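Everything on this sheet refers to the single structure shown next.
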Amino acid sequence: MNESKSKAAEFAESVFDALYLSAGLSIAIFLIASADANHTRTLYGAMALTLVAGDAFHLTPRALYIKFKGRARLARARGIGLCVTSVTITAFYVLLYEVYLSHYGIPRVMALSTLIYALAFVRVILCLLPANNWLGGETRENRMGLYRNIPFIILGLIIAILFAERRISGEGGPLSLIWLAIILSFAFYIPVVLMVKRRPEVGMLMLPKTCVYIWMLILGLSV
């Protein structure tokens, strides 16, 4: 019975991931194809495409890893995919910052932009360090899992605050709830970073986190 439930859960996860990637890619293509001279829409499409492409590097090997019961080559591919996803999700938030500037017509403040890009750079460098042991299958089981997420969380919170300020000022428009989506995504993500080694079931929080990202992409359809 337990084996049957496990297979059902794995199948459901694979279907969910396929639907997520299909929906995300469809939104990305639609945004880019319909952008015309709308710079914000083009940026949003690029942001969506970055998210989906990065997650595909992780989710595709994961699905194969589950299907073929963790073969060694697939474990390595899964580790590389996690690394790629860690980098692309960072780029996703940098693009979201650029969407913020473009959508609201806000002049670039060099100090703020420098901080945003510096945090992203530090995050990417930390993701690429050998200590992550991406190929060894321990990507969330050592301290690098915490260290590399510190600049990422700060980056996300800064961008959430920026969008929240627009919401408070009454200028939020179609992206007025982006701040909430960012907060929710990290609320689901942080427990995974902190607890998944001790309690693997916490990893299920990545499912609602994924739904939040789809929500974020849908919000972009109105820009």
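Tell me, which residue of the range 159-189 that is out of contact with any helix residue (DSSP H, G or I) (no Cβ under 7 Å at 6 or more places or on another chain) and of a type in the set (A, V, I, L, M) is surrounded by the most Cβ atoms within 10 Å (Cβ to Cβ)? Out of the qualifying residues, it is LEU180.
Please state which one of LEU115, LEU129, LEU64, LEU59 is more than 23 Å from LEU177 (Cβ to Cβ) and modelled with pLDDT of 95 or more.
LEU115
I'd like to know if the range 93-116 contains one or more residues that are within 25 Å of VAL202 (Cα to Cα), surrounded by 18 or more Cβ atoms within 10 Å (Cβ to Cβ) and out of contact with any strand residue (DSSP E or B) (no Cβ under 7 Å at 6 or more places or on another chain). So far as the range 93-116 goes, yes, one or more of its residues are within 25 Å of VAL202 (Cα to Cα), surrounded by 18 or more Cβ atoms within 10 Å (Cβ to Cβ) and out of contact with any strand residue (DSSP E or B) (no Cβ under 7 Å at 6 or more places or on another chain). Could you say whether any residue in the range 67-78 is in contact with a Lys or Arg (Cβ under 7 Å, 6 or more places away or on another chain) and modelled with pLDDT of 95 or more? Checked the range 67-78: no residue is in contact with a Lys or Arg (Cβ under 7 Å, 6 or more places away or on another chain) and modelled with pLDDT of 95 or more. Picking from residues in the range 73-90 that are surrounded by fewer than 17 Cβ atoms within 10 Å (Cβ to Cβ) and of a type outside the set (Val, Ile, Thr), the one that is farthest from GLY136 (Cα to Cα) is ARG73. The criterion of being surrounded by fewer than 16 Cβ atoms within 10 Å (Cβ to Cβ) and part of a helix (DSSP H, G or I) holds for LEU221. Considering (1) in a helix (DSSP H, G or I); (2) farther than 23 Å from LEU49 by Cα; (3) modelled with pLDDT under 95, the lone condition that LEU207 does not fulfil carries the number (2). Condition test on SER169, is it at pLDDT 95 or above and among the small types (Gly, Ala, Ser)? When the stated conditions are applied, SER169 does not pass them.
When the range 20-62 is filtered for residues that are among the charged types (D, E, K, R) and part of a loop (DSSP other than H, G, I, E, B), only ASP36 remains. You will find that of LEU135, LEU119, the residue that is touching a helix residue (DSSP H, G or I) at 6+ places or on another chain (Cβ under 6 Å), part of a helix (DSSP H, G or I) and buried (at least 19 other Cβ atoms within 10 Å of the Cβ) is LEU119 and no other.
The values are calculated or read from the model by the stated rules, or taken from the named source; none is laboratory data. Just so you know, these numbers come straight off a predicted model, no measurement behind them. Every residue, glycine as well, gets a Cβ built from its backbone with ideal geometry; the counts of neighbours run over all protein chains shown.
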